[in-house]
Each structure stands twice: as structure tokens, then as C-alpha cells.
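A.B. asks: Below are the C-alpha cells for one structure; questions will follow.
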Amino acid sequence: MNREFKFRAWNMESKEMDYFHLTHGDSFGLGGDIFPQYEVMQYTGEKDSKGKEIYDGDIITWYSGGEEAKALVEWWNGCFVVSEKDYPEKTWMEKYNEYIGEVIGNIYENPELY
């Protein structure tokens, strides 16, 4: 069975987002030493309330303590987490996906949202 991996890459030079898929066994050279102008982000496997795929680096609405807040999706310590700007705790995204609202932007194209 092949597993599809979805990524996107922010090109820091052209200021554009590129999307691509990999299948198990593929290799890619984005990011790191080969193409340092790219910031690579992976699909979390989760979708927002409107069915849009969520990638690390996305800014989402998040229901915390009964209030809507903005949160950043990040890859941290081997899992995807969400973190609110004014709240230092990181929350394991998969465990609390019922609190996800919608993707409102990402940290590269819309840093002012976070």
C-alpha cells in the first residue's frame, strides 16, 4: 500500500505557495541545503469545518473555552499541534479536532492574522 504525502512549499524569493504530492519512496529536494528558498509544510490529515485541508503553518479559528480564538498549526515534537498567540500551551490537534473552525490564512501570506 502506498501512502500519499501532501506538502506545500512557501517560496521565500517569489512569495508564492506551491503544492505537491509524494508517494512513499519518492524523494524531494525542497528546503534545506538544496533549495533553501523554500519553507516546506505538510498536510496534517485534517480538514476544517468547510472541508479545506489544513497544513502546518495555517492559521485557523479555534474554539477554546467556549470562545473563538485564532491558532497556529505547527509540527512540534512529532505531532501536529495548535497554539494560540497569547496562550503558551500547545494542544494536540488530532485529539481536539472538534474544536477546529476554519482556515483563515497562513503564517507566510497572512502573518498579521496571528
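A.B. asks: Any idea which residue in region 67-106 is most open to solvent (accessible area, probe 1.4 Å), counting only those that are touching a Phe, Trp or Tyr at 6+ places or on another chain (Cβ under 8 Å), part of a strand (DSSP E or B) and acidic (Asp, Glu)?
C.D. replies: It comes out as GLU68.
A.B. asks: Here's a check for you: in region 1-41, which residue that is at pLDDT 85 or above and of a type in the set (S, T, N, Q) is surrounded by the fewest Cβ atoms within 10 Å (Cβ to Cβ)?
C.D. replies: Top of the filtered list is SER14.
A.B. asks: Starting from residues that are in a strand (DSSP E or B) and within 8 Å of the chain's Cα centre (by Cα), keep the ones in region 42-58 and report whichever is surrounded by the fewest Cβ atoms within 10 Å (Cβ to Cβ).
C.D. replies: Out of the qualifying residues, it is GLN42.
The values are calculated or read from the model by the stated rules, or taken from the named source; none is laboratory data. In this text, all values refer to a predicted model and were calculated from it rather than measured experimentally. Neighbour counts are summed over all protein chains in view; Cβ atoms, including those assigned to glycine, are modelled from backbone coordinates with ideal geometry. We work out accessible area using only protein heavy atoms, side chains counted, and drop any ligands, DNA or RNA first. Shrake-Rupley method; radii C 1.70, N 1.55, O 1.52, S 1.80 Å.
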